[in-house]
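Take a look at the structure set out below.
The values are calculated or read from the model by the stated rules, or taken from the named source; none is laboratory data. This is a predicted model, so every value here is computed, not measured. FYI the Cβ positions are ideal-geometry reconstructions off the backbone, even for glycines, and counts take in every protein chain you see. Note: accessible area is taken over every heavy atom of the protein model, side chains too, but ligands, DNA and RNA are not part of it. Shrake-Rupley method; radii C 1.70, N 1.55, O 1.52, S 1.80 Å.
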Amino acid sequence: MSAILSALSLRYLDGVTWELIQDFTVRSDELGLITVEAGFHTDFNSVPRGFWNLLPPDDYGEAGILHDHLYQVGMVRGQEIDRAQ
């Protein structure tokens, strides 16, 4: 079963962007151990501002950070991953 192994520790930067101030680690059933390093920037979930009251961009923040990280880096532990993963 996938699991979150560390808490999110973030700093709000500019009204849209957050910065991870400590490493964030999860264990994925499919991809194994994934660590997003401190200093990584995210907008959580890309939701147009007009919908924020219905779908706040920081809901499910852990998933948003992982998505942004995997999409930008495209690798886990030195191995390329594809969009389906």
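Here residue 45 passes the criteria (1) polar (S, T, N, Q); (2) in contact with a helix residue (DSSP H, G or I) (Cβ under 8 Å, 6 or more places away or on another chain); (3) modelled with pLDDT of 80 or more except the one numbered (3).
Would you confirm, using the coordinates I've provided, whether residue 15 is part of a loop (DSSP other than H, G, I, E, B), open to solvent by less than 70 Å² (accessible area, probe 1.4 Å), of a type outside the set (Ser, Thr, Tyr) and at pLDDT 75 or above?
Values: part of a loop (DSSP other than H, G, I, E, B): yes; open to solvent by less than 70 Å² (accessible area, probe 1.4 Å): yes; of a type outside the set (Ser, Thr, Tyr): yes; at pLDDT 75 or above: yes.
It is true that residue 15 is part of a loop (DSSP other than H, G, I, E, B), open to solvent by less than 70 Å² (accessible area, probe 1.4 Å), of a type outside the set (Ser, Thr, Tyr) and at pLDDT 75 or above.
Of all the residues in region 23-42, those that are of a type in the set (A, V, I, L, M), within 12 Å of residue 3 (Cα to Cα) and open to solvent by 30 Å² or more (accessible area, probe 1.4 Å) number 1. Being under 12 Å from the mean Cα position of the chain (by Cα), on the phi < 0 side of the Ramachandran plot and touching a residue at least 24 places away in the same chain (Cβ under 8 Å) is the requirement here; does residue 44 meet it? Criteria not met by residue 44.
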